[in-house]
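Values in this text are rule-based calculations from the coordinates and carry no lab data. This structure is a prediction, so every number in the text was calculated from the model and none was measured. Note: ideal-geometry Cβ built from the backbone for every residue, glycine included; neighbour counts use all protein chains shown.
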Amino acid sequence: MKLIVNLKSLEYIQEYTADGLIFSHAFLTDEDEALFSVEEIQEIVQYTKLHNKESILNLNRLFHEYELDELREYIDLFIKMDIDSYIFSDLAIYTIFKGYNLEHKLIYHARTMITSLQDALFWKSKNVKSVFVSNELTLEEINSIVHAGNIAIEAYGHHQIFASKRDLLSLYFTYTKNEERQRKFKKYTIQEELRKEKYPILENHHGTVIYSAFKYAILEEIQSLDVKPKYIHINSIFIVEEELLEIVSLYKKVMDAGFRESITKEAVKRLAEIDPNIYSGFLYKKTTLVKGDNMDA
Amino acid sequence: MRKIELLAPAGDLEKLKIAVLYGADAVFIGGKKFSLRARASNFEIKDIKEACDFAHKHGTKVHVTMNIIPHNEDLVSLEEYIKDLDSCGVDAVIVASMYIASKVKEIAPRIEVHFSTQMSTTNSEAVRFLENEGYERAVLAREVTLEELEVVLPNTNIEIEVFIHGGMCVSYSGRCMLSNYMTNRDANRGGCAHSCRWNYTLEDEDGDMVSPPKQFHYGSKDLMALRYIPNLIDLQVASLKIEGRMKSIYYVATVVRSYRKLIDAYYEIQNKDKLDWEYYETEIKKAENRLTSIGFFEGQVTPNEQLYNMRNEIPTKEFVGVVLEYDASTEIATIQQRNHFLPDDTLEFFGPDLENTVYTIGEIQDEVGNSLDAARHPLQILKIKVPFTLSPFDMVRKVMGK
């Protein structure tokens, strides 16, 4: 089991105690986190090789036809750097990596799509390295899916819960003639009229993303899983680096101690002190199938 | 060159029959299991059999939606269900799960597997993945532009299906968890609460309100790609999909018939400048009750494609009845009432083979010949005299008062 985290800055890279570092380039991801230039990525990869850490490039957005040539150029460039793993959600990435016989370096992370053991096993049969399970699962469901043997789970942080091609903030500011407002890369929140929680919303070069209102945390539950996940991931978005480094250290300490009870409890307590609003997502909350009428099919 | 398929929604057997008779080449329906829109999924296996029998008799194909993102518990009876669909004669299933797709191919290789827009397939390399897996069709993401389609189509070898009319998710389909996070209702298993259409307040990082309270909206208008049909035909798109299994039989009849006429006219005339665009648009407005836009067809959306004022459209015509039978010797039409109308009202009759025909009716009688001062009871059987031939499933509408 490896602890992987989005790298926030090169400056403090040596402070990251995680087993793997996730990084990306603004063209390749819709997450406004861990973004670096090609030169910086080269530096990060060299660092990971020197320090026996896994290098993981985030390619996890959907790409459009007009972007494919540029995507192929980037992939070609990064493959030459001998990056260890690549997180993807667009099936195009699989096709392209298969062309290089490098699909075994891929980690599938489409956020919503892996909700059954059978779908996880499908991707295992496609020879990918790992598969992130959906964040919408109960602990019982996760415990079933980990039997696939190559599972990755989100362990801490805000979840991206919405991704749109539309520039929703720009559109709204244009509509309301409020165009002087900064739109790109600035964090706003939305609050639904009947709810108290506020959801972070960000616009970037690829559209608009919305994140969960609160940070999710799973730690002691990991120990209870029948099969240990291949990766557990700490998502660093909206977390200041100093705090992030402490959280990573807490997780790492628990893992290194083999989830010894006293150390785990101490870490859980500290996580709650760092952010009293952390919650367990859907781990103990089964979703309902109240019938709606979304725009299928 | 194979003629493009017009694919229509059917929420129940009545809607299916209407869609078939009004010109759909294929219909999509939802069974009780595995379907993303379970509220509109009224088809038991026996109904699916009846649907297939009726549709096939008219040369129409039946696609069954199985496009949930399944949890373990959802997959319990999958194999039995696939066998049932196979025995019903279903032509295709629409899926979003790789596992469900693979099981369909394993158990019923005769059935085509179409990958749902829930997969958000946005490019030719992603289509190639599905092609390499041996599947027959990709339903492209509604974010794909016409310009992109012009590149995707020549670079793919499996069938491409494109949405042309109906509701649009504002997020990439299948990638939205708003409903689940806000209401515990799982959109990817049929529980979407339409959270994207609610009222929000937008704040900046300092907590200052950027929008007036509860006035930040980010939902999408519905799609109407009428003007792009000739382009899609020229590009050899395989199928044009109308969304809306929850819609009424009147909506289905009106929208399907309009696109049917447009497609046929374009194949015949081969010149989009000579098509009577105003006619098709006017026809659709007779049933459309939502604001529509061109979605992504021209590229990134503008405020015109967004749903900011939250109002609905009012159809220009109201559906008042469906024809059950017509006696040519007495010129008496038997009609099932669907909305209020009066003696001496001017009504418009239309049908699969009946051009719009306006006629001012006279007396309205009930089933036993009593004269009525109004047709006010839903589903009441009525008789009116009409001096032109009508057929079962023809419909009657009247101009809405403003």
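What are the residues whose amide H is under 5 Å from the amide H of A:S236, where those residues sit 5 or more places off or on another chain and H is modelled from the backbone?
A:N6
Longer than 21 Å from Cα to Cα, which of B:K17/B:K383; A:K49/A:K228; A:K49/A:K105 are they? Say none if no pair is.
Long pairs (Cα-Cα over 21 Å): B:K17/B:K383; A:K49/A:K228.
Have a look at A:V146, B:P230, B:W277 and report the one farthest towards the positive end of the charge dipole of the protein assembly as shown, computed about the Cα centre with Cβ charges (Lys/Arg +1, Asp/Glu -1).
Result: A:V146.
Taking the Cβ of A:S24 as the centre, find all other residues whose Cβ is under 13 Å away and add up their charges (Lys, Arg: +1; Asp, Glu: -1).
-3
May I ask which residue of B:L75, B:A265, B:T156 lies farthest towards the positive end of the charge dipole of chain B, with charges of +1 (Lys, Arg) and -1 (Asp, Glu) on Cβ and the Cα centre as origin?
So the residue furthest toward the plus end is B:L75.
In the protein assembly as shown, what % of DSSP beta bridges are antiparallel (nearest 5)?
Within the protein assembly as shown, antiparallel bridges account for around 45 percent of the total.
Return the subset of A:K186/A:K253; A:K53/A:K98; A:K198/B:K285 for which the Cα-Cα distance in this structure is over 32 Å, preserving the input order.
A:K186/A:K253; A:K198/B:K285
Kindly write out, for the range B:260-274 in residue order, the coupling ³J(HN,Hα) from the Karplus curve 6.51 cos²θ - 1.76 cosθ + 1.60 (θ = phi - 60°), rounded to whole Hz, with x marking Gly and Pro.
3J(HN,Hα) across the range B:260-274, in whole Hz: 4, 5, 5, 4, 4, 5, 5, 4, 7, 8, 6, 8, 5, 5, 9.
Residue by residue through the range A:8-16, which ³J(HN,Hα) values in whole Hz follow from phi under the Karplus form 6.51 cos²θ - 1.76 cosθ + 1.60 (θ = phi - 60°), with glycine and proline marked x?
After applying 6.51 cos²θ - 1.76 cosθ + 1.60, I find 8, 7, 6, 4, 10, 4, 6, 7, 7 Hz.
Dividing the convex hull volume of the Cα atoms of chain B by its residue count, what figure in Å³ per residue is obtained?
In chain B, the Cα hull volume divided by residue count equals 171 Å³.
Could you check the simple spin-label distance between A:Q14 and A:K253, using points 7 Å along Cα→Cβ, in nm with one decimal?
So the label points at A:Q14 and A:K253 sit 2.2 nm apart.
Once the range B:256-402 is represented by equal point scatterers at the alpha-carbon sites, with solvent omitted, what log10 I(q)/I(0) does the Debye formula produce at q = 0.14, 0.20 Å⁻¹?
Treating every Cα as an identical point scatterer, log10 I(q)/I(0) equals -0.78, -1.20.
Please tell me the relative contact order of chain B in percent, rounded to the nearest whole number, where contacts are Cα pairs under 8 Å and at least six residues apart.
14
In chain A, how does Rg compare with the Kirkwood Rh, expressed as the Rg/Rh ratio over alpha carbon atoms?
0.95
Give me the three principal axis extents of the range B:8-98 from the C-alpha atoms, as integers in angstrom, largest value leading.
Between the extreme Cα coordinates on each principal axis of the range B:8-98 lie 39, 23, 20 Å.
Grab the DSSP H runs of the protein assembly as shown that are 4 residues or longer, score each as -39,500 (n - 2.57), total them, divide by all residues and round the 222 nm result to the nearest 500 deg cm²/dmol.
The per-residue figure over the protein assembly as shown is -8500 deg cm²/dmol.
I need the fraction of alpha carbon pairs in the protein assembly as shown separated by more than 35 Å, rounded to a whole percent.
Summing the P(r) of the protein assembly as shown above 35 Å gives 47 percent of all pairs.
Kindly flag which residue pairs out of B:K61/B:K103; A:K129/B:K33; B:K49/B:K103; B:K32/B:K241 have an alpha-carbon separation exceeding 29 Å in this structure.
A:K129/B:K33
Counting other Cβ atoms within 10 Å of each Cβ, which trypsin sites (Lys or Arg not before Pro) in the range A:179-209 have at most 11 and sit in a DSSP loop?
Sparse-neighbourhood loop trypsin sites (Lys or Arg not before Pro): A:K196.
For the range B:168-231, give the magnitude of the charge dipole about the Cα centre (Cβ charges: +1 Lys/Arg, -1 Asp/Glu; no others), in debye to the nearest 20.
With Lys and Arg at +1 and Asp and Glu at -1, about 580 debye.
Considering Cα pairs under 8 angstrom that are at least six residues apart, work out the relative contact order of the range A:23-148 and quote it in whole percent.
Reported as a whole number, the value is 18 percent.
Read phi for every residue in the range A:250-257 and hand back ³J(HN,Hα) as whole Hz from Karplus 6.51 cos²θ - 1.76 cosθ + 1.60, θ = phi - 60°, with x for Gly and Pro.
Result, ordered by residue: 4, 4, 5, 4, 5, 5, 5, 8 Hz.
Give the relative contact order (percent, whole number) for the range B:199-348; include only Cα pairs under 8 Å separated by 6+ residues.
22
To the nearest 20 debye, what is the magnitude of the charge dipole of the protein assembly as shown about its Cα centre, counting +1 on the Cβ of each Lys and Arg and -1 on the Cβ of each Asp and Glu?
With only Lys, Arg, Asp and Glu charged at Cβ, the dipole is about 1060 debye.
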